[in-house]
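Written below as structure tokens is the structure these notes are about.
Read-outs: derived from the displayed coordinates by stated rules, not from any lab. If you're wondering where the values come from, they're calculated on a predicted model, not measured in any experiment. For neighbour counting, all protein chains shown are included, and Cβ atoms are generated from backbone atoms with ideal geometry for every residue, glycine included.
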Amino acid sequence: MTRRGLAFVLLPILTVGLAFAQTRKGEETNVRAVQGTVSDASGNAVSGAVVQLKNTKTLQIRSFITKEQGDYYFHGLSPDVDYELKAEAQSGNSGTKTLSSFDSRKQAVLNLKLDKK
């Protein structure tokens, strides 16, 4: 095969590869995250609380157990989906909060407060 023929074969392959690489990079930047803290009725941080994140399209639920300072974090979330968050611990449950698809923040902060049981 001549160099010219090889160039005609490789050029489309390289073009498709570059387009795919740019698409993947764009997909990675087109995600968001949500974080916050869980506190009790008195405002104290609650460690060991279970925070649930529910995808309202697929109904998939992800969970996070809060750390010592009551903080939680979910990443890799789609910007085109609404998510519902709630927390539960021995001391009580929080109300449900919604992270809306209309919320354009890449890093949203939603704090959850537990009501007494």
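Which length gain, in nm to one decimal place, applies between residue 56 and residue 81 when the Cα-Cα distance is subtracted from 0.36 nm times their residue separation?
On the way: separation 25, 0.36 × 25 = 9.00 nm, distance 0.70 nm.
Value of the extension gain: 8.3 nm.
Starting from the 7 Å offset along Cα-to-Cβ, what nm value, one decimal, do you get for the label separation of residue 31 and residue 63?
2.2
Evaluate region 31-116: find the radius of gyration of its Cα atoms, find its Kirkwood radius, and give the ratio Rg to Rh. Before the final figure, lay out each step's value.
Numbers: Rg = 12.2 Å, Rh = 12.7 Å.
Looking at region 31-116, the ratio lands at 0.96.
Using only the Cα atoms, what convex hull volume per residue in Å³ does region 56-95 have? Walk me through the numbers on the way to the answer.
Values: hull volume 3.7 nm³, N = 40.
Spread over its residues, the Cα hull of region 56-95 gives 93 Å³ apiece.
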